[in-house]
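Asks: The structure's right below; bear with me while I get my questions together.
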Amino acid sequence: AAPAPRAEDLSLGVEWLSRFGYLPPADPATGQLQTQEELSKAITAMQQFGGLETTGILDEATLALMKTPRCSLPDLPPGAQARRKR
Amino acid sequence: QTPPPTKWSKRNLSWRVRTFPRDSPMGRDTVRALMYYALKVWSDITPLNFHEVAGNTADIQIDFSKADHNDGYPFDGPGGTVAHAFFPGDHHTAGDTHFDDDEAWTFRSSDAHGMDLFAVAVHEFGHAIGLSHVAAPSSIMQPYYQGPVGDPLRYGLPYEDRVRVWQLYGVRESVSPTAQLGTPEPEEPPLLPEPPNNRSSIPPWKDVPHRCTAHFDAVAQIRGEAFFFKGKYFWRLTRDRHLVSLQPAQMHRFWRGLPLHLDSVDAVYERTSDHKIVFFKGDRYWVFKDNNVEEGYPRPVSDFSLPPGGIDAVFSWAHNDRTYFFKDQLYWRYDDHTRRMDPGYPVQGPLWRGVPSMLDDAMRWSDGASYFFRGQEYWKVLDGELEAAPGYPQSTARDWLVCGEPLADAEDVGPGPQGR
């Protein structure tokens, strides 16, 4: 089994996924908390977009891609997560 | 799931670099030229036309900013997010393009840590005209920085990007005389600053060689343009072989860092490995990044495993991407990528039949041919051939330096040292 991501990696991952359109903006009531399922789906979408193996977990390759220099604009348009959810 | 595309309703868009990188070794002209070529990538294949303007009303305002610059997309220091651009629309920031000034922006650099400005600019201008990110790894619109994309003068968009931009704006009609009248092509800015060509920069005529009678010291293709060196002066020809000025420019005022006492150069070439420009004189050589000399030069020519005494000529042969050095009747073959002389050299020249064994200089040209210069003549060798083309030698002055034509004579003010 892949090792569980460290807390700081998880925090970085969630922030990154929100910033680039894979997770909806943080709920003011719950802060950055996301369900595990939602997070896994977002990671899968990010991995698919980035040409990585789609594992749904924050593995090393995924974290490395998140640290790759990139454009500031999101990959998915605003609301894409909501539409995906429906 | 993608929203309806936003695009410009007009076809003529203005642009301006409002702020420049603060600590970059790149000059402003280089930054402007890179922006020009990055926009040209898109306008070459669509009906869009971009023109540079000076005022604050440009459609595409280009800035180099740091940290939070009040647009909702704060930069985060080196790495991370490196640039962004705003999609077309009615908002005042539409089309604006921002680069993180904390990145080490580079151009034609071998520095692996640098961020190639041209590659990022092509991507961002894709946003500025309405393209969003895509997952296709070969697309310029995939969101991650993947390193330099090559020569700005030769870069062509990948197929996916061409199709997507055609879906927005359609295909650029083939250029016809009427189309050109309606939408004139802007004048291409150079990748290097213009040499001084105003009369006040020209020194007294008695010292200036004449281009129509000169035996050139060195000839080189640099950034796609031809440079003819004689004494302390040089002439420059654009990519379409037009003289920038009939008057020569002063070498030291343009090639910043050459010693003032240097009265001539032996040979010059643009290195294919990193596109730096190398000047040879006697036992020494200088390396220039754009038109500024690099630190630590001059160095001895023994760095190239060349013997003392210097060289007469140097050029990179497009056919095998090797650099050839010539001295008297000998020549050497050098690999610029490994920085090693190929074994078995020097060899008695010439390699190309019909070309003189002793040369003033040589250069490759954008037509794929190689050109060899000696005295007032030149020889052309077609790409990959080992023999000079029939009909050569021809006159260098006539074919390259606009001599012997009525227009040239009429414009050629000043008596010149040979009394023309």
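Throughout, read-outs are computed from the coordinates displayed, never taken from laboratory work. Please read these numbers as outputs of a predicted model, since none were measured by experiment. No Cβ is skipped: glycine too gets one built from the backbone with ideal geometry, and neighbour counts run over all protein chains shown.
Asks: Which lysines have a Cα lying under 21 Å from the Cα of B:Lys289, excluding residues fewer than 8 positions away in the same chain?
Replies: B:Lys289 reaches B:Lys232, B:Lys276, B:Lys281.
Asks: Turning to a different aspect of this structure: Please provide three numbers in whole Å: the alpha-carbon extents of segment B:44-96 along the principal axes, with the largest listed first.
Replies: Principal axes ranked by extent give 36, 25, 22 Å for the Cα atoms.
Asks: Would you tally the net charge around B:His133, using a Cβ to Cβ cut-off of less than 14 Å, leaving B:His133 out, and scoring K and R as +1, D and E as -1? Could the numbers behind the result be given before it?
Replies: On the way: positive: A:Arg19, A:Arg70, B:Arg164; negative: A:Asp75, B:Glu124, B:Glu160, B:Asp161.
Net local charge, B:His133 excluded: -1.
Asks: Then there's this: Would you mind estimating how fast segment B:1-83 diffuses translationally, via Stokes-Einstein at 25 °C and 0.890 mPa s with the Kirkwood radius over Cα pairs, in µm²/s? Intermediate results must be reported in sequence, preceding the final value.
Replies: Values: Rh = 14.8 Å.
Roughly 166 µm²/s, to the nearest whole number.
Asks: Under a 5 Å amide H to amide H cut-off, with H placed in plane at 1.01 Å, what residues pair with B:Leu330 once short-range neighbours are removed?
Replies: Here the answer is B:Gly349, since their amide H atoms fall under 5 Å of that of B:Leu330.
Asks: What percent antiparallel are the DSSP beta bridges of segment B:261-420, to the nearest 5? Display every interim value, and only then the final one.
Replies: Values: 38 of 39 bridges.
Around 95 percent of the beta bridges assigned by DSSP in segment B:261-420 are antiparallel ones.
Asks: Leaving out same-chain residues fewer than 8 places away, which lysines sit with a Cα under 25 Å from that of B:Lys66?
Replies: Partners found: A:Lys67.
Asks: Which whole-Hz couplings ³J(HN,Hα) result when phi for each residue of segment B:144-151 is put into the Karplus expression 6.51 cos²θ - 1.76 cosθ + 1.60, θ = phi - 60°, listed in order with x for Gly and Pro?
Replies: 8, 6, 10, x, x, 10, x, 5
Asks: Right, something else. Multiply the residue separation of B:His215 and B:Ser357 by 0.36 nm, subtract the distance between their alpha-carbon atoms, and state the gained length in nm to one decimal.
Replies: Values: separation 142, 0.36 × 142 = 51.12 nm, distance 1.63 nm.
So the extension gain works out to 49.5 nm.
Asks: Would you grab the residues whose amide H sits under 5 Å from the one on B:Tyr233? Only those 5+ places off in sequence or on another chain, please, with H modelled 1.01 Å from N.
Replies: Placed amide hydrogens put B:Met251 under 5 Å from B:Tyr233.
Asks: Express in nm, to one decimal, how much length is gained between A:Glu37 and A:Glu53 on full extension, taking 0.36 nm for each residue of separation and deducting their alpha carbon distance. Please report the intermediate quantities before stating the final value.
Replies: Details: separation 16, 0.36 × 16 = 5.76 nm, distance 1.78 nm.
The span from A:Glu37 to A:Glu53 would gain 4.0 nm if fully extended.
Asks: Arrange B:Lys66, B:Lys327, B:Lys289 by Cβ neighbour counts within 10 Å, fewest through most, would you? The partial results should precede the final answer.
Replies: Details: B:Lys66 14, B:Lys327 22, B:Lys289 19.
So the ranking, lowest neighbour count to highest, is B:Lys66, B:Lys289, B:Lys327.
Asks: Also, quick follow-up: I want the local charge near B:Tyr145. Using Cβ-Cβ distances under 12 Å, sum +1 for each Lys or Arg and -1 for each Asp or Glu among the other residues.
Replies: Values: positive: A:Lys67, A:Arg70; negative: B:Asp100, B:Glu103, B:Asp116, B:Glu124.
Local net charge: -2.
Asks: Then there's this: Tell me, Kirkwood radius of segment B:106-153 from alpha-carbon pair distances, in Å? Kindly include the intermediate steps, with their values, before the conclusion.
Replies: Values: mean 1/r = 0.0887 Å⁻¹.
This gives a value of 11.3 Å.
Asks: If Lys and Arg each add +1 and Asp and Glu each add -1, what is the summed charge of the other residues whose beta carbon sits under 12 Å from the beta carbon of B:Phe87?
Replies: Numbers: positive: B:Lys7; negative: B:Asp90, B:Asp96, B:Glu124.
Combined, the nearby Lys, Arg, Asp and Glu give -2.
Asks: Now for a different question. To the nearest 20 Debye, how big is the dipole of chain B about its Cα centre, given +1 on the beta carbon of each Lys and Arg and -1 on that of each Asp and Glu?
Replies: Working: 43 positive and 57 negative charges, 140 e Å.
Taking the Cα centre of chain B as origin, the dipole is about 680 debye.
Asks: Roughly how tilted is helix B:28-43, in degrees to the nearest 10 and between 0 and 90, from the longest Cα axis of chain B?
Replies: Compared with the principal axis, the helix lies near 60 degrees.
Asks: Quick one: if the Förster radius is 35 Å, what FRET efficiency do B:His242 and B:Ala67 give, using the C-beta to C-beta distance and rounding to 0.05?
Replies: Working: r = 45 Å, r/R0 = 1.28.
Once rounded, the FRET efficiency stands at 0.20.
Asks: Something else now. As I understand it, the dipole of chain B uses +1 on the Cβ of Lys and Arg and -1 on the Cβ of Asp and Glu, about the Cα centre. Which of B:Gln142, B:Tyr297, B:Phe234 lies farthest toward its positive end?
Replies: B:Phe234
Asks: Order of B:Asp100, B:Asp217 from fewest to most other C-beta atoms within 10 Å? List each step's numbers first, then the result.
Replies: Working: B:Asp100 28, B:Asp217 24.
The most exposed by this proxy come first: B:Asp217, B:Asp100.
Asks: Additional query: Taking only DSSP H segments of four or more residues, each worth -39500 (n - 2.57), what value at 222 nm results for chain B once the sum is divided by all its residues, to the nearest 500 deg cm²/dmol?
Replies: Values: 7 runs with 60 residues, N = 420.
That calculation yields -4000 deg cm²/dmol at 222 nm.
Asks: Principal axis extents for chain B, Cα atoms only, whole Å, descending order, please.
Replies: Per principal axis, max minus min of the Cα coordinates gives 68, 51, 41 Å.
Asks: To the nearest whole number, what is the average tally of beta carbon atoms from other chains within 10 Å of the beta carbons of peptide A:63-71?
Replies: Numbers: counts 0, 0, 2, 2, 2, 6, 14, 14, 17.
Per residue, the number of nearby Cβ atoms from other chains is 6 on average.
Asks: Can you pull the percent of Cα pairs in segment B:1-141 with separation above 25 Å?
Replies: Working: 2234 of 9870 pairs.
More than 25 Å apart: 23 percent of the Cα pairs in segment B:1-141.
Asks: Turning to a different aspect of this structure: Sort all Cα-Cα distances of segment B:285-325 into consecutive 10 angstrom bins from zero, then give the percent of pairs in each bin up to the one containing the longest distance.
Replies: The distribution over segment B:285-325 is 25, 44, 31, 0, given as percents.
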